[in-house]
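Reviewing the structure listed below.
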Amino acid sequence: MKRFEIAVIPGDGIGREVVPAGQKILDTVAQVHGGLRFKYKSYPWSCAWYLKHGKMMPEDGLRRIGDSDAIFLGAVGFPGVPDHISLWGLLIPIRRGFQQYACVRPVRLLPGVRSPLAGRGPKDIDFIVVRENNEGEYSSMGGRIYSETPHEVVTQLNVFTRRGTERIIRYAFELARRKRKRKVTSATKSNGIIFTMPFWDEVFWQIAKEYPGISAEQMHIDALSARFVTHPHNFDVVVGSNLFGDILTDLGAAIAGSIGIGASANLNPEKKFPSCFEPVHGSAPDIAGRGIANPLGQIWSGALMLEHLGYPAAHDLVLKAMIAVLDAGIKTPDLGGKANTRAVTAAVAKEIRRLAR
Ligand code: GGG
């Protein structure tokens, strides 16, 4: 029996509703597999925790979860705590402290889901965005002087290291090779951003030479965003900086039907540290507590965790079950359905059991 210790951080808002759904599916997979068990340790770190303790997690938070096999996270952020406090107090320390430099986010229109793009079907939208996750525009370098005076000056430094840029671009090409994808598209903006982005382009083309079997292209982020809408079928793997990757994947989730489905893996590819699996969506305060959040983003993130832990067939099983449930019309309101979180989760679990028989 293989046992995995999972650090669970439900976080805020709908994170507290969809994380138990994801755990239920992981346990269902473990049951039908027979040789796999998950042991969870739950941590209450969140905005509510911040309001009590003045910080998002304890000083030794990373040490407490550092020995786990993976981290299963819901959503971070809630009204009452500024978003930069919650993000920099919890999510970013996890991503950086554990060198989770590759954020992998599949963009796939699943059968049974309608894209807002007219006439597009599952064959048209099926690609992966690789987001740099440790540096770039998400930097704490910069400052603010002469606050609240007419002379106020605010700067924010973008940080692109050679090591960080090379490793994320190489990761994207390696992923393309492993997944038998034909092309890697680089998100850039080297016409307007004159130091970091020409450097990003230079590294991209250097690394591209190492992969003669995979075609490469670069596109300015503005044009690339437009082409997600007009030509989504043209993409296989898209690699972008921290900010570009974040924005592109909200857009990606939207063209794939709903931000509620988008899944994400914050990976430490070397497996020296635990990786963290979380949906693309945030805490959705507008629907939190109503039991109608779409659990599929969290469930799919759990499937990515299974793949990372060495169980690709279990990943495929979860995806197959999700597709069957969507095809049967069992959907939450964000997808035009009437089912609640619990009903969708129960249907996926039932389908997993049926498929495994
Ligand atoms: N489930 C992920 C989550 O809560 N995300 C909130 C957010 O704003 N994330 C920004 C980011 O991923 O950089």
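Table for the structure above
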quantity	calculated
Accessible area (Å², 1.4 Å probe, nearest 10) - M1	130
Heavy-atom SASA rank of H220, H151, H281 (probe 1.4 Å, accessible area, largest first)	H151, H220, H281
Mean separation of Cα contacts under 8 Å, 6 or more apart, over the residue count of region 279-326: relative contact order %	29
Over the chain, relative contact order from alpha-carbon pairs under 8 Å, at least 6 apart, %	22
Structure-based [θ]222 nm, the chain - -39500 (n - 2.57) summed over DSSP H runs of at least 4, per residue, nearest 500	-12000 deg cm²/dmol
Accessible solvent surface per residue of region 126-173, calculated while the other protein chains remain in place, 1.4 angstrom probe, Å²	54
For region 75-116, radius of gyration divided by Kirkwood radius, i.e. Rg to Rh on alpha-carbons	1.17
Ranking by accessible area, most exposed first, for L117, L243, L110 with a 1.4 Å probe	L243, L117, L110
Inter-label distance, nm, simple model (7 Å from Cα along the C-beta direction), F195/L157	0.9
Contact order normalised by residue count of region 219-300, Cα under 8 Å, 6+ apart, percent	25
Average accessible surface area per residue within region 1-95, 1.4 Å rolling probe, Å²	46
DSSP bridge pairs, the chain: antiparallel proportion in percent, nearest 5	40
Carbon + sulfur, % of accessible area of region 1-134 - ligands and nucleic acids excluded, 1.4 Å	50
Alpha carbon centroid spacing (whole Å) that separates region 247-261 from region 285-344	14
Cα-based radius of gyration of region 133-221 once divided by 2.2 N^0.38 Å, which approximates compact folds	1.37
Value of D in µm² per second that Stokes-Einstein yields for the chain, Kirkwood Rh from Cα pairs, at 20 °C (1.002 mPa s)	102
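The values are calculated or read from the model by the stated rules, or taken from the named source; none is laboratory data. Small disclaimer: the values here were computed from a predicted structure and weren't measured. Because the Cβ atoms are built from the backbone with ideal geometry, glycine has one as well, and the counts that use them run over all protein chains shown. These area figures cover heavy atoms from the full protein model, side chains too; ligands, DNA and RNA do not enter into them. Shrake-Rupley method; radii C 1.70, N 1.55, O 1.52, S 1.80 Å.
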